[in-house]
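First comes the structure, then the notes that go with it.
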């Protein structure tokens with residue numbers, strides 16, 4: 001299953017790249033990520049950093065844990081995420097940040113397949129909503145950090 005979202009945001013491409021690249025901070029503002037552990041942060045070439053991360057996510061009664069390898073390419077303002085382990089057969093996502101006249105264009109592509117047919121059907125029916133909510137989490141966090149509208153994480157969720 002593939003999905004793509006593009007948004008114009010009123011923040012610099014570098015600021016948004018840094019925000020998305022700070023995977024350790026996700027539990028602070030992506031409410032369905034209940035835990036995140038990053039390890040083995042290492043150089044991956046000129047201006048490139050690689051980090052492995054394990055996230056625990058919760059959607060209602062469903063709780064899953066998965067690990068990914070995150071490649072942060074500062075010269076290209078690109079972040080690529082690849083599956084290490086978890087409930088997916090396949091998971092790749094790509095973030096691109098392009099300077100624009102009034103800020104930057106954020107582009108998010110996701111391609112995945114779940115191991116569970118039930119989870120696959122559930123996500124298939126809700127991928128547009130879920131991807132939109134994810135992007136809004138980053139937009140709201142950027143507003144909180146860099147100014148503009150802010151939507152704080154609800155307490156108790």
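Only the coordinates and a few stated rules stand behind these numbers; no lab work does. All figures in this text were calculated on a predicted structure; none of them were measured in a lab. Note that each Cβ is placed from the backbone with ideal geometry, even for glycine, and that neighbours are counted across all protein chains shown.
Data overview
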read-out	value
Computed over the chain: relative contact order in percent, which uses C-alpha pairs under 8 Å that are six or more apart	26 percent
Residues 104, 67, sorted so that the one with the fewest Cβ neighbours within 10 Å comes first	67, 104
Gaussian network model of the chain, springs between alpha carbon atoms under 10 Å - residue of 99, 61, 27 with greatest fluctuation	61
The chain: equivalent-ellipsoid semi-axes (sqrt of 5 x gyration tensor eigenvalues, Cα, Å)	24, 19, 16
Residue 143 versus residue 2: modelled label distance in nm, points set 7 Å from Cα along the beta carbon direction	3.2 nm
Calculated [θ] (222 nm, deg cm²/dmol) that DSSP helices of n ≥ 4 give over the chain, each run adding -39,500 (n - 2.57)	-9000 deg cm²/dmol
Neighbour-count ranking [beta-carbon atoms within 10 angstrom, fewest first] of 116, 12	116, 12
Pairwise label distance in nanometres, residue 18 with residue 67, each label 7 Å out on the Cα-Cβ vector	3.0 nm
R0 of 25 Å, Cβ-Cβ distance residue 37-residue 101: FRET efficiency to nearest 0.05	0.05
Added length on full extension, which subtracts the Cα-Cα distance from 0.36 nm per residue, residue 135 to residue 92	13.9 nm
Segment 21-50 and segment 60-93: distance between their alpha carbon centers, rounded to Å	10 Å
